[in-house]
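Chemist: If you scroll down you'll find the structure; I have some questions about it.
The values are calculated or read from the model by the stated rules, or taken from the named source; none is laboratory data. Everything numeric in this text was worked out from a predicted model, so none of it was measured. For neighbour counting, all protein chains shown are included, and Cβ atoms are generated from backbone atoms with ideal geometry for every residue, glycine included. The area values use the complete protein model at the heavy-atom level, side chains included, leaving out ligands, DNA and RNA. Shrake-Rupley method; radii C 1.70, N 1.55, O 1.52, S 1.80 Å.
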Amino acid sequence: MSFSNKTVIVTGAGNGIGKGIALLYADRGANVVLADMDEKAGIETAERINVQGGKAIFVHTDVRQEADIVELMETAYKAYGQIDILINNAGKGMFKSPYELTIEEWDDVINTNLRSVFLGSREAAKYMRKNKDGGSIVNIASTRAIMSEPNSEAYAATKGAIVAITHALAASFGEDRITVNAISPGWIETGDYAKLSKADHEQHFSKRVGKPDDIARACLYLTAKENDFVTGINLVVDGGMTRKMIYEE
């Protein structure tokens, strides 16, 4: 799957899963536009891509702000002449008792994780619909859309809604040849992988905890033009963790 001369926008690209996605697309020949609030991390990732012979720019972006997202798309289009792929990855966690969670905190999570998906998809699609081959959008949801721990209401609500808006957007954008899919990662370790225990890995059918590249490769699959028959789905990438039945002894 070659992405040579394709323009890919990745939000939350400075660190973690977003960084892994940006690096892999660059390795496959794409022009990568990295969007993040963390300017230092975003610039460093873009520089890493460019030093390695790839093409990347960083755009400081607060995905909660409509004006920032509009500017992100305009900058990407001016830099590379087209927008082919959008990875809506930016997000934040919030784990706090529902008795203590403030409405301001709730709104912040909703705006960061969910409203940004709508705004980003809408603005990117305005450019994608001009392309002969349309485009592709991938929204990063979570297995927390289908399972929960206590005190995760705001985060779970956004991730469940991302799965729902994904198939709604797939229906709306289908006439413009734009595919829209979601990925629900399970446990993806973005810190020191070597510190994980055997018990951590054994929680998975795959016998290992996930890595950012696992999600990045799923993005490649969903955005490859030869896979344009795949749209409106939620691809769970979790090493089988959500399918593992566990009984306490």
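Chemist: For segment 102-235, give the percent of accessible area contributed by carbon and sulfur heavy atoms, probe 1.4 Å, rounded to a whole number.
Modeler: Answer for segment 102-235: carbon and sulfur cover 54 percent of the accessible area.
Chemist: Would you work out the relative contact order for the chain, in percent, from Cα pairs under 8 angstrom that are 6 or more residues apart?
Modeler: It comes to 19 percent, rounded to a whole number.
Chemist: If you don't mind, another one. Is any helix in the chain, taking whole DSSP H runs, at least 20 angstrom long along its axis by alpha carbon and on average at least 1.0 on the Kyte-Doolittle scale, and which ones?
Modeler: On the way: long enough: 66-80 (22 Å, -0.09); 153-173 (29 Å, 0.94).
Result, helices passing both filters: zero.
Chemist: Next up: Dipole size in debye (nearest 20) for segment 178-249 around its Cα centre, Lys and Arg Cβ +1, Asp and Glu Cβ -1?
Modeler: 120
Chemist: So how strong a dipole does segment 81-120 carry about its Cα centre when Lys and Arg Cβ are +1 and Asp and Glu Cβ are -1, to the nearest 20 debye?
Modeler: It works out to roughly 120 debye.
Chemist: What percentage of the solvent-accessible surface of segment 32-89, computed with a 1.4 Å probe over protein heavy atoms, is contributed by carbon and sulfur atoms?
Modeler: 46
Chemist: At 0.36 nm per residue, and after removing the present C-alpha to C-alpha distance, how many nm does the segment from Lys132 to Asn15 gain when stretched out fully?
Modeler: My answer for the length gained is 38.9 nm.
Chemist: To continue, here is another question. Among Leu114, Ala157, Ile103, whose Cα lies farthest out toward the positive end of the dipole of segment 92-249, if unit charges sit on the beta carbon of Lys, Arg (+1) and Asp, Glu (-1)?
Modeler: My answer, from the dipole projection, is Leu114.
Chemist: Moving to a separate point now. Please report the equivalent ellipsoid semi-axes of segment 1-138, computed as sqrt(5 x eigenvalue) of the Cα gyration tensor, largest first, in whole Å. Don't skip to the end; give the middle numbers.
Modeler: On the way: eigenvalues 143, 59, 29 Å².
For segment 1-138, the semi-axes come out at 27, 17, 12 Å.
Chemist: While we're on this one: Using label points projected 7 Å from each Cα along Cα→Cβ, tell me how many nm separate Ala171 and Lys195, to one decimal.
Modeler: Here the modelled spin labels are 4.5 nm apart.
Chemist: Mind checking the log10 I(q)/I(0) for the chain at q = 0.09, 0.17 Å⁻¹? Debye, one equal scatterer per Cα, no solvent, two decimals.
Modeler: -0.37, -1.32
Chemist: In debye, nearest 20, what is the charge dipole magnitude of the chain about its Cα centre with +1 on Lys and Arg Cβ and -1 on Asp and Glu Cβ, if you could check?
Modeler: Dipole of the chain, to the nearest 20 debye: 860 debye.
Chemist: Per residue, how much accessible area does the chain have with a 1.4 Å probe, in Å²? Display every interim value, and only then the final one.
Modeler: Details: 12360 Å² over 249 residues.
Using a 1.4 Å probe on heavy atoms only, each residue of the chain averages 50 Å².
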